[in-house]
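Here the structure is laid out as C-alpha cells; the discussion comes afterwards.
The values are calculated or read from the model by the stated rules, or taken from the named source; none is laboratory data. Given the structure is predicted, the values throughout are model-derived calculations rather than measurements. As a convention, Cβ positions derive from the backbone with ideal geometry for all residues, glycine included, and neighbour counts pool all protein chains shown.
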Amino acid sequence: MPTVDKLIAQAEIFPWNSTFATGIEVIDIQHQKLVNLLNKLAGHMAFGSDELTLTMVFDELADYAVYHFETEEGVWNKYLGGDALTLTHAQTHQDFVAQVSKARQQLSGLTSNEAIEELVSFLTHWLAFHILEDDTHMAQVVLAVQSGTSLTDAKVAAAKQMKGAARVLIQAVLSMYDSLSSRTLALLREVSQRRRIEEKLRLSSNIIESSADGIFITDTQGVVTDVNPAFCLELQRHRDELLGQPVTALMPSLFGSTQGQAAWVTTQQAGHWAGELSCRRPGGELEPLWLTLSLVKDEAHETQNFVGVLSSISQLVERHQALEAAANHDPLTGLPNRRLLADRLNQALERSKRNSTLLAVCYLDLDGFKLINDQMGHDAGDLVLKVVARRMKQMLRAADTVARIGGDEFVVLLGDLAHPQEGTALMERLLRDVAQPIKLGDQSVQVGTSLGATLFPADSGKADVLLKHADLALYQAKAQGKGCYRVYGHA
C-alpha cells in the first residue's frame, strides 16, 4: 500500500499544463514548483496531517513564494524599470505572502472540510489567476521589449491580447480548477479515512494476535467464530479444532458453574460482565482466571457477537512480582537498589527506636575495582561485583541489609546492635571477606574496600543525613589509606 507521502505526491489539486506557460523559462520553472508545493499542502490538509507537519509545509510554501517573487520582480524590473505595472505587480506578491502567513497562524481552526476547501480554493484561484492574467501580461510585455518593441507599444499590444477571448479562457480555467480541486480533496479525504480504518483494524488484529490473554469471539449462540493463539495455548488445542464449537463445551468447568452461567445472562442483559472464575486445566488442576465478557452490537443495535478475554490470575501475580522486583533491585547483583534501601533504612530506624538498639549505617566502595574494569573489561568487573555482593550477603544477619547504589558503591545497614563494638566487629569482617582473592578464569584478582559508618541514635539525624555522614566517614577512611573503616564523629 502506498505511503501517505506517496499518495500526496501523486494527488494533484492543481495539475500543471502548458496553458500556464508564460514563455520565460525561469519563471515557468518556478511556477511549477509553487504549484507542486500547493498540491503538497492541500494533500496534507486533506489527509489530516498534524499541525507541525502543516506548519512546515506552509513555511516551505511561503519561503519559496518570497524567493520566486524576488526572481520574478528582478525580471520585470530589468526590462520595465520603475513602470507602474511592476509596482502594482509587486503589491499582489506582498498580498499573497500576507494571506499565506495569516492562514498558517489559523491552522488550529482549519478542522472542518469547509474551512479546508475555502483555503485551498483561495490559493488555487489566486495562483491560477495570477499566472494566467498578471504574469502572462507582464511576460508578454517583457518578451516584446526583448524583441525590440518600445515599452509603450509593448504595453498596448499586451493589453489587447489580455482582453476578450483571453478573459473568457481565464474564467473557464478557474471554474474547471475549482471543480477539480473540490473533487480531488473529497477523494483524498475518502482515501485517508479508509487508510485510517484499515490501520485501526490492522492494529487491533495485531494486538489480539500478540496478547498474552486468551481471547475468543462467538456468535449469538455462543459458538466460537475466532480465537487468538493465547486461547489455543490455554486449551492446548489447534485453532481449527476450536472454531465452530460452543465455548461452553470447550470450557465446561468455567461456564458450567452457576457463576459462569450467570456471566452469560448478565452479559446478555447488561452488555458486560467481569469477574473471577475457576477453570480446570487440561492437566486436571484448577486455576483461577479473570473473565471479561462483552456483547457486540451491529449498527441496528442487534446482538452480533460475544467477546471473551481470559487472564491468568497467577500470571498476573507473577508479572506484578517480577515488576516489583525489577523496580526495587539492582539488575546485576540482585541486591536492593537505592529505592528499596530508603524503605529498609526507615524500617531499621523505627526498629532501633522501638527496641532501643543501635543501627550502623555503612557506606563503602571497592579499592582497586577501576583497575580491574579498565584492564580486564566490564565483564570481569561485573563478575567481581557479583562475587562481592554474594560475600556480603552471606556474612550479614537477618536484621541487616546490603544494597548496591551504583557503580562499586554499596550501603550496609547493621541493625539490632547491643553495643558499638558489635558493629565494628562486623565492619572488620566485611573488610576481610571482601578482600579475599576472586578467581576470574585462569587469573586471580583482589579488591579491597574502604568503609565509612555512622551509629544511630548517637547520630540522631534523619535517613538522608545518616547516609551523608556515612559518606563523609568513607571519605576520611580513603584519605587514611584505604582498606580500613572510620566511624563518623570518632577521631
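Here are some notes:
- Test: residue in the range 355-362 that is free of Cβ contacts under 8 Å to residues at least 60 places away in the same chain and surrounded by fewer than 13 Cβ atoms within 10 Å (Cβ to Cβ): yes
- Close pairs (6 angstrom Cβ cut-off, 6 or more residues apart or separate chains): at negative phi in the range 458-473, surrounded by 13 or more Cβ atoms within 10 Å (Cβ to Cβ) and in a helix (DSSP H, G or I) anywhere: ASP459/HIS469; ALA463/LEU345
- Test: ASP416 is closer than 21 Å to THR357 by Cα and among the acidic types (Asp, Glu): yes
- Filter result for THR454 (part of a strand (DSSP E or B), touching a Gly at 6+ places or on another chain (Cβ under 9 Å) and under 17 Å from ARG344 (Cβ atoms)): yes
- Filter pass, ALA463 being within 43 Å of the chain's Cα centre (by Cα), surrounded by fewer than 20 Cβ atoms within 10 Å (Cβ to Cβ) and among the small types (Gly, Ala, Ser): yes
- Those helices (runs of 4 or more DSSP H) of the range 35-141 in which at least 2 residues are at pLDDT below 75, assigned by TED's automatic domain parsing to the domain that holds LEU151 and within 21 Å of ALA21 (Cα to Cα), considering only elements entirely within it, cover 113-129.
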